[in-house]
Amino acid sequence: MPGSSGLRSVARVALVAGAAGSVVLMMRAGSRQRSLALMLLFTGWVISPFLALAIANIRSATWQPLTRSALYGAMIGVSFISLSVYAVHALLPGMKAGFIYLVVPAACWVLIAMALVTAVVLGPKRTQR
């Protein structure tokens, strides 16, 4: 697919920036939390969509171009959504941090699933040989 290497590069940079920024903002929001176990659990949950997308990116070499493009879109979308919501929470702390850091990764998982399932369903079908 023409131009996909540029999209792939942007998606990879966005994914790394999104993961790092999300963890930093989560650590800031939980700076008064004394439970190391709880912080580790939240860190794992916040980073899980980014880790899944990174693994999918590694395995996507044999995927159809449309599915890879959907993956790249999900990488950019998850990074943008996560950083946007977490930054707004950091600047305007009105809601409980626990709620934000539980719901956003769950919403990211839904976005990932929707993007990849849509690309697979709408993409070209493989022929059996």
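The values are calculated or read from the model by the stated rules, or taken from the named source; none is laboratory data. Keep in mind that this is a model prediction, so the values were computed, not measured. Backbone-built Cβ (ideal geometry, glycine too); neighbour counts: all protein chains shown.
Here's a check for you: in segment 81-129, which residue that is modelled with pLDDT under 85 and β-branched (Val, Ile, Thr) is farthest from Ala56 (Cα to Cα)? Top of the filtered list is Thr127. Considering Ser79, Ser60, Ser48, Ser22, the condition of being among the polar types (S, T, N, Q), assigned to a helix (DSSP H, G or I), touching a Phe, Trp or Tyr at 6+ places or on another chain (Cβ under 7 Å) and surrounded by 13 or more Cβ atoms within 10 Å (Cβ to Cβ) is satisfied by Ser22 alone. Scanning segment 25-45 for residues that are of a type in the set (Phe, Trp, Tyr) and either at pLDDT 95 or above or assigned to a loop (DSSP other than H, G, I, E, B) (or both) turns up just one, Trp45. Please go through segment 62-84 and pick out each residue that is of a type in the set (Gly, Ala, Ser) and under 14 Å from Arg12 (Cα atoms). The answer is Ser69, Ala70, Gly73, Ala74, Gly77, Ser79. Out of Val46, Val88, one residue alone is out of contact with any strand residue (DSSP E or B) (no Cβ under 6 Å at 6 or more places or on another chain) and within 25 Å of Ser9 (Cα to Cα). It is Val46.
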